Structures are given as C-alpha cells and as structure tokens.
Amino acid sequence: IQSAEVMTLTHPSYATVELQRLANADWVVSIPTFAPRAVFPTGQTVTVNTAGAEVVRYRVTATDADTSEESLPAVNNTSRTITAVTKASPAVVTSVAHGFANGDEVYIVGIVGMTELNTRRFIVTNKAADTFELLDENSTSYTAYASGGTARQTFVEITNGAVTANNTVSWTAAANALSYSVYKRTNGVYGFIGDSDTVTFTDKNIAADLSIGPPAARDPFRGVGNRPAAATYFEQRRVFGGSNNEPDTSQYSQVGYHSNFSKSAPQRDDDAIQATLNALEINSIRHYVPGRDLVVLTP
C-alpha cells in the first residue's frame, strides 16, 4: 500500500518494510518502529510540599507541537544498573537491589549484546531482591547479553504524601513538546489531573479524572508469527492484518498516527483498534479494499 512518497510492504515471514522516495535518485528502505513519534519526557521527579504517609504515583506525557500526538509516559530520574539478562521465557534480568515491585512498568536502554530489549517497556513480574522477570518476553532467540544497560520506572512514586495532596511534579523537557499532561494513580488506575506548558505541575489535592488515562506502549507486530500479510489505509488509520498467529485479525493504528498502535485505559475514540472477523471458519486476511467501507478479502 502507498501513501504519498512512502510504500508499505508486508509479508508474514518478514518484518514490515517502508520504501520512501526522497528524490528521483534518493530512496530509503527502513523497518518502521510502531510507537508514538512524540518524544516522551525524562528525569521525572516529585517534591512533597506537605508531608504525610500517603503513597502517590504520577505519570507525565508530552504533546507534540506539530502533530498533537501524545507521547508515552516519562521515565523517572533514578536508573537501576543491569548486570545480566537470561535467554529464557520469560527473560530474567539481574539488577542488584533494584527495588521494583511486581506490576511496575520499566524502560530498558543501553544493553550490549541483547539489544532486542533496548528502548522498550516491560512489566515487572516475579521480582526478587536482585532479579525480576519481564512479563511475556521470550528472549530465547535473542543475542546473548554481553554487558551494560539500565532500567527506569515509567512513573514517579512518593510514600510520604499528605492526605490532602500538595506535591510538585517536575521533569526534563521533551523535544518539540507543546505541552505536558499529568496523571495521578487512584485505586490502582491513572487519571488525568491537568496540563502544563512548563516542566512542573503542582497537585493541590486535584481529583483524578479516571475517564482519561495515559497511553500504554503496544507493538502487536513484534515477534515471529505476528508479522502482517496485508496493509491499507482507512479513515486516517493504517491497517495491518493476516499474521500467522492471528490470520483473521486486523490491527488499526491511532487516527492520524500511522505507526502508533498504543491504547489508553479506558480506551479513547482515536486509540488503536484490534478487530477479528466474525465467521464460522478462520480465513487468513490476504488483502484490503478501502472505500466507503473497508472490504476485507480472504481465500
């Protein structure tokens, strides 16, 4: 499928490829990254203005000035050093006294060797004092770990907040950010508490709007068996389908952001969509025909 100067080529046995024409004699072939292009903030911290004994977590995202796309949540200011990662299912990370809890999301970068884990987000599970597993991450076919790497949480937490919250969240600016959105966890769910056009935001006991949550990282095409066989564009979304693992399932990008397949909780109207054909048999998607409706062709 083609959009202006970019052609998308798919095959269920190979990674999706984009062929881009820059000039008559200047062409680029690349493997797309399926993530928001908006840059997320870094260096997230929180200052307690009124102390107490409440546990509070915050997340911050950036909105791109040119596209209005929302980034994934910021990473915090504290990194944990990685000293080993096993080739296993799930992968086991060694990081002495990491302090992570089961269910934490962490961002990994800087690994030498097992570079398949770099610049990705994972959920911590089965944590011990010096190790933790990466939920559902099968690293058995990855390059062996050699050295290096750090992990950072994608939120900031305090344990000494007041019942009547008075905390200031800060972060390092993200490239080309127009503004930032701040979310607070309430009863295990993150909800929106406000926007900022600077790199700080003070939560003066603001009630979280749990109908608006931050986007979560999602790449439905990662791994052998999940690569799509067909693609198209429909109603400002890029659509893929026909993978070996889910032959009758289509993946729709966010509206207007053709490489962004992230979702929020609860889901927003313009979030990515997954849809499976309703039929008596499983038939692999071979082609799409966009029109007033999207026609999905199978054998």
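For the reader, a short list of remarks on this structure follows.
- Candidates 221, 155, 40, ranked by Gaussian network fluctuation over the chain, Cα under 10 Å, top entry: 221
- Judged by the mean number of other Cβ atoms found within 10 Å, the most tightly packed of the peptides 127-133, 56-62 leads the ranking 56-62, 127-133.
- Listed residues 63, 78 arranged by accessible area, highest first, probe 1.4 Å: 78, 63
- Between residue 186 and residue 297, residue separation times 0.36 nm minus the direct Cα-Cα distance comes to 35.5 nm.
- When both segment 234-299 and segment 139-172 are represented by their alpha-carbon centers, they are found 32 Å apart.
- 20 Å Cα-Cα threshold exceeded, pairs from 184/263; 204/263; 184/204: 204/263
- Annotation: peptides 231-240, 111-120, ranked by per-residue average of other Cβ atoms within 10 Å with the highest first, follow the order 231-240, 111-120.
- For residue 49, nonlocal amide neighbours, meaning residues 5 or more places apart or on other chains whose placed amide H falls under 5 Å from its own, are 166, 167, 168.
- Between residue 162 and residue 275, the contour length at 0.36 nm per residue exceeds the alpha carbon distance by 36.3 nm.
- The packing ranking of peptides 212-219, 183-190, highest mean first, is 212-219, 183-190, where packing means the average number of other beta carbon atoms within 10 angstrom of each residue.
- Debye intensity ratio in log₁₀ form over the Cα atoms of the chain, taken at each q of 0.12, 0.15 Å⁻¹: -0.90, -1.27
- Semi-axis lengths, Å, segment 234-273, gyration tensor of Cα atoms, sqrt of 5 times eigenvalues: 19, 12, 7
- Taking Lys and Arg as +1 and Asp and Glu as -1, the other residues whose beta-carbon sits under 12 Å from that of residue 189 total +3.
- Averaging over all projection directions, the Cα-based convex hull of segment 1-121 occupies 12.4 nm² in the image plane.
- Cross-link reach is defined here as a Cα-Cα straight distance under 12 Å, omitting same-chain residues fewer than 8 places apart; for residue 127 the aspartates and glutamates meeting it are 104.
- Among residues other than residue 28 with Cβ under 15 Å from its Cβ, the summed charge is -2 (Lys and Arg +1, Asp and Glu -1).
- For segment 100-246, the alpha-carbon radius of gyration amounts to 1.30 times the rule-of-thumb value 2.2 N^0.38 Å expected for a compact globular protein.
- Total formal charge among the other residues, if their Cβ is under 12 angstrom from that of residue 201, Lys/Arg +1 and Asp/Glu -1: 0
- Theoretical gain in end-to-end length, residue 140 to residue 224 [0.36 nm per residue, Cα-Cα removed]: 29.0 nm
- Projected label distance in nm at residue 28 and residue 15, using a 7 Å step from Cα toward the beta-carbon: 1.6 nm
The values are calculated or read from the model by the stated rules, or taken from the named source; none is laboratory data. Bear in mind that the values here come from a model prediction, so they are computed numbers and not experimental data. All Cβ positions, even for glycine, are placed from backbone atoms using ideal geometry, and neighbour counts span all protein chains on display. Accessible surface areas use protein heavy atoms only, side chains included; no ligands, DNA or RNA. Shrake-Rupley method; radii C 1.70, N 1.55, O 1.52, S 1.80 Å.
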